[in-house]
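J.: Questions regarding the structure given below will be posed in turn.
The values are calculated or read from the model by the stated rules, or taken from the named source; none is laboratory data. Please read these numbers as outputs of a predicted model, since none were measured by experiment. With ideal geometry, Cβ positions are generated from the backbone for all residues, glycine too; neighbour counts draw on all protein chains shown. All accessible areas refer to the heavy atoms of the entire protein, side chains included, with ligands and DNA or RNA removed. Shrake-Rupley method; radii C 1.70, N 1.55, O 1.52, S 1.80 Å.
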Amino acid sequence: MSMRSWLRRIRRALPAAGTTAVLVAGLLVGGATASQAATQGPCDIYAAGGTPCVAAHSTTRALFASYSGPLYQVQRTSDGRLQDVGMLAAGGVADAGAQDSFCAGTACTITRVYDQTGGGNTLVYQGPGGTGGADSAAVANTEALSVGGRKAYALYINPGNSYFAYNPAGGVPTGSSPEGEYMVTSGTHVNGGCCFDYGNTEIDHKADGNGAMDAINFGTECWFGGCSGTGPWVQADLENGLFSGGSKTWNTAQVSQTSRFVTAMLKNDGTARMALKGADARSGGLTQLYSGTLPGGWSPMHKQGAVILGSGGDCCQTNRNASAGTFYEGAMVKGYPSDATDAAVQANIAAAGYSTDTTNPFVPGAKVSLQATTSCCTGDYLRHDTGDDRVVIAPVTSGSSAVDKGNATWIVRAGLADSSCVSFESADTPGRYLRHYAFQLHLQADAGTGQFAADATFCAKPGNSGTGYSLQSFNFPAKYIRHYRLVGYIAGNGGTNAWDNPSSWAQDTSWLAAAPWS
């Protein structure tokens with residue numbers, strides 16, 4: 001339906017609604033507003049900080065907002081065929097459904113993880129048919145998870161699985177050039193085998209001496225002894241040792257990272273200093289585990305510029321990897337990232353919405369569009385108006401403008417008044433939330449008050465009509481988000497307000513959690 005047709009619809013509806021006559025003028029203004037820029041990925045943040053990504057790998061999502069290529073490749077055992085797995089949309093989450101369809105009825109392995117930078121540092125398994133060697137490719141569907149409310153798969157590495165890349169023109173730092181790295185991994189799938197690494201390694205698969213590696217290590221291995229706690233820990237594999245800090249002595253500032261999803265970071269200027277950081281990848285800031293001088297005897301660095309994932313540097317052409325670990329995403333950058341850049345990357349990871357729940361679309365961090373289910377309006381979505389703060393339903397299609405798509409996209413946040421419920425932040429107007437006022441829905445900036453938090457919190461329930469979901473008001477539990485004559489309200493099933501009309505109430509309060517329009 002065209003915007004002109006929709007405006008005719010809402011003009012017919014507004015007189016009965018009574019309080020929303022100014023909406024049409026606002027919508028006309030909103031249609032001319034330029035859309036906001038796409039959400040950044042970690043590599044966009046690194047680039048803005050002056051430390052661009054030279055390798056970027058993930059089986060779960062794009063690490064650049066504009067990336068539209070494949071994330072990884074799977075091979076099925078039934079006939080040996082290969083297929084690339086991309087994303088649901090450019091800059092988005094992996095298309096797990098494509099893997100499920102291709103691998104239905106047979107086993108699949110992940111044979112390569114593509115380098116999203118375009119620099120050619122694509123990771124390939126270290127075994128026959130891969131880069132050669134004694135290892136094999138990891139099983140593709142061992143671990144399903146949710147990113148932003150969408151299903152994805154991890155690269156779940158067991159002993160005997162590992163990946164390697166080397167491209168002399170790939171731009172990975174060599175020698176004593178500064179470098180930064182991060183990966184998202186898991187604190188619940190680890191062991192003490194050598195060595196679950198991601199980062200810079202030797203090109204010849206041999207231990208070539210102190211400083212020949214610069215990789216994040218994550219596991220329970222205590223290389224030099226004297227460790228405190230049971231791990232797993234974020235350490236630095238600099239070859240001939242896993243370092244918890246700046247020496248062979250145990251770093252007492254180390255903290256076991258046992259979260260289901262963990263952010264691990266390492267940065268090394270190649271001559272004098274390095275830093276280690278860790279965090280829960282779902283929320284909160286980074287913990288500084290170490291920041292100081294490089295270990296004596298490991299400065300300057302002698303990096304060779306290959307990339308390893310899942311094993312140590314002297315693996316795995318004639319021997320097999322002994323480590324276990326999980327990889328979701330990671331990147332390597334040229335230069336020594338600032339602490340502000342590190343923090344922004346962690347915030348981006350937390351906002352991505354990593355979760356073990358593969359069925360709930362309202363996971364904090366998820367993007368969603370709310371589609372009406374009433375027979376009159378199945379092409380309509382709950383959206384805000386860029387001309388004022390009202391919230392309505394309106395048609396959105398693949399041919400709609402970027403403005404309309406952005407207006408109809410919401411970011412799920414933990415409920416401002418109750419974290420077991422949710423709040424909806426506008427995807428194209430950050431900091432503004434869906435809230436009710438005098439029972440009508442508005443998009444407004446968080447006022448930081450208890451009243452605003454309560455008005456902006458909704459609890460997802462099975463759809464009142466038996467379809468989709470219904471969104472119950474936190475502070476008026478008998479009322480649900482409803483569209484009535486194209487305008488958004490919270491409404492009860494019967495009452496004194498026109499929008500409490502019981503006719504089609506169950507359908508009007510039931511919504512599909514559709515794929516986000518932007």
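J.: Of all residues in segment 209-222, which are open to solvent by 10 Å² or more (accessible area, probe 1.4 Å) and either more than 24 Å from Ser186 (Cβ to Cβ) or more than 32 Å from the chain's Cα centre (by Cα) (or both)?
T.: Those that are open to solvent by 10 Å² or more (accessible area, probe 1.4 Å) and either more than 24 Å from Ser186 (Cβ to Cβ) or more than 32 Å from the chain's Cα centre (by Cα) (or both): Gly209, Asn210.
J.: Follow-up. Please go through segment 349-362 and give me each residue that is open to solvent by 10 Å² or more (accessible area, probe 1.4 Å) and either among the β-branched types (Val, Ile, Thr) or modelled with pLDDT of 95 or more (or both), ordered by number.
T.: Answer for segment 349-362, where residues must be open to solvent by 10 Å² or more (accessible area, probe 1.4 Å) and either among the β-branched types (Val, Ile, Thr) or modelled with pLDDT of 95 or more (or both): Thr356, Thr358, Thr359.
J.: Let me ask you something else. Is it true that some residue in segment 312-324 is surrounded by fewer than 24 Cβ atoms within 10 Å (Cβ to Cβ) and in contact with a helix residue (DSSP H, G or I) (Cβ under 7 Å, 6 or more places away or on another chain)?
T.: Scanning segment 312-324 turns up no residue that is surrounded by fewer than 24 Cβ atoms within 10 Å (Cβ to Cβ) and in contact with a helix residue (DSSP H, G or I) (Cβ under 7 Å, 6 or more places away or on another chain).
J.: Conditions first: (1) within 28 Å of the chain's Cα centre (by Cα); (2) surrounded by fewer than 24 Cβ atoms within 10 Å (Cβ to Cβ); (3) of a type in the set (Gly, Ala, Ser). Gly245 passes all but one, so which condition is the exception?
T.: (1)
J.: Separate question: So the check is Cβ under 7 Å with 6+ separation or different chains; which pairs have a first residue in segment 130-152 that's within 19 Å of Ala165 (Cα to Cα) and a second one that's open to solvent by 20 Å² or more (accessible area, probe 1.4 Å) and among the basic types (Lys, Arg)?
T.: Ala134/Arg320; Asp135/Arg320
J.: If Ser58 satisfies every condition in (1) at pLDDT 95 or above; (2) closer than 17 Å to Ala144 by Cβ; (3) surrounded by fewer than 16 Cβ atoms within 10 Å (Cβ to Cβ) but one, which is the exception?
T.: Of (1) at pLDDT 95 or above; (2) closer than 17 Å to Ala144 by Cβ; (3) surrounded by fewer than 16 Cβ atoms within 10 Å (Cβ to Cβ), only one is false for Ser58: (3).
J.: Has segment 396-405 got at least one residue that is more than 25 Å from Arg150 (Cα to Cα), basic (Lys, Arg) and open to solvent by 20 Å² or more (accessible area, probe 1.4 Å)?
T.: Within segment 396-405, none of the residues are more than 25 Å from Arg150 (Cα to Cα), basic (Lys, Arg) and open to solvent by 20 Å² or more (accessible area, probe 1.4 Å).
J.: Go through segment 336-348 and count every residue that is open to solvent by 10 Å² or more (accessible area, probe 1.4 Å) and out of contact with any helix residue (DSSP H, G or I) (no Cβ under 8 Å at 6 or more places or on another chain).
T.: Of the residues in that region, 6 qualify.
J.: Could I ask something else about it? For residues that are polar (S, T, N, Q) and in contact (Cβ under 8 Å) with a residue 24 or more places away in the chain, scanning just segment 61-75, find the one that is surrounded by the fewest Cβ atoms within 10 Å (Cβ to Cβ).
T.: Per the stated criteria, the residue is Ser66.
J.: Could I ask something else about it? What number of residues within segment 474-518 satisfy the criterion of being of a type in the set (Ser, Thr, Tyr), free of Cβ contacts under 8 Å to residues at least 60 places away in the same chain and either surrounded by 23 or more Cβ atoms within 10 Å (Cβ to Cβ) or on the phi > 0 side of the Ramachandran plot (or both)?
T.: 3
J.: Here is a further query. Of the residues in segment 22-55, how many are at pLDDT 95 or above, open to solvent by less than 70 Å² (accessible area, probe 1.4 Å) and assigned to a helix (DSSP H, G or I)?
T.: The qualifying residues number 6.
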